[in-house]
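Heads up, the thing below is written out as structure tokens.
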Amino acid sequence: MEEFKLHDAEFKFTSLIWEYEPINSTELVRLCADKLGWKKSTSYTVLKKLCNRGILQNQDTVVTALVKQEDVQKYESNTVIEKSFDGSLPKFLTSFLGQRKITEKEAEELKQIIEEAIK
């Protein structure tokens, strides 16, 4: 699962690809300059690094993701729960919600998610 670990800048970069893929690498560089304030060399360095790790693919100057956004999100959320809450989902939810109130609709959605998870 370590292959899904993305540092903050890598996640922002990959998020652009998830949103716009397939994307030409030249267009990606323009997008990174506009959205992230990156230079061309930075964009190509991060692209090469993520291609080498098997996260992205740059074939014939067309960049696509080899890893789904959902897989990275699952990895990241599981890492937070394991690291900060001893793997306890109830501890995580208690901390996450804190004094925050949720709507009836959100409560129903959470109930449905839990019911599906125990089937």
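Of the cross-linked pairs Lys49/Lys83; Lys5/Lys83; Lys5/Lys48; Lys68/Lys105; Lys12/Lys39; Lys74/Lys101, those separated by over 21 Å at the C-alpha level are Lys49/Lys83; Lys68/Lys105; Lys74/Lys101. Straight Cα distances below 13 angstrom link Lys40 to the aspartates and glutamates Glu27, with same-chain residues fewer than 8 positions distant left out.
The HN-Hα couplings worked out from phi for the stretch 5-19 by the Karplus form 6.51 cos²θ - 1.76 cosθ + 1.60 (θ = phi - 60°) are 6, 10, 6, 3, 5, 5, 5, 4, 4, 5, 4, 4, 5, 4, 6 Hz, whole numbers, x standing for Gly and Pro.
Suppose only helical runs count, i.e. DSSP H with n ≥ 4. What mean residue ellipticity at 222 nm does that imply for the chain under -39500 (n - 2.57) per run, divided by all residues and rounded to the nearest 500 deg cm²/dmol? Could you put the intermediate results ahead of the total?
Details: 6 runs with 78 residues, N = 119.
One gets -21000 deg cm²/dmol as the mean residue ellipticity at 222 nm.
Basic side chains Lys and Arg get +1 at the Cβ, acidic Asp and Glu get -1 at the Cβ, and with that the dipole of the chain about its Cα centre reaches some 480 debye. Couplings for the stretch 59-69, taken from phi via the Karplus curve 6.51 cos²θ - 1.76 cosθ + 1.60 with θ = phi - 60°, read 10, 6, 6, 10, 9, 9, 8, 9, 10, 6, 4 Hz in order; Gly and Pro are left as x. In this structure the stretch 10-90 gives 62 Å² per residue of accessible area when probed at 1.4 Å with all protein chains present.
Once all protein chains are placed together, Ser95 keeps about 70 Å² accessible to a 1.4 angstrom probe.
The values are calculated or read from the model by the stated rules, or taken from the named source; none is laboratory data. No experiment lies behind these values; they were computed from the predicted model shown. Please note: Cβ atoms are built from the backbone with ideal geometry, for glycine as well, and neighbour counts cover all protein chains shown. These accessible areas exclude ligands, DNA and RNA; they are computed on the full protein's heavy atoms, side chains included. Shrake-Rupley method; radii C 1.70, N 1.55, O 1.52, S 1.80 Å.
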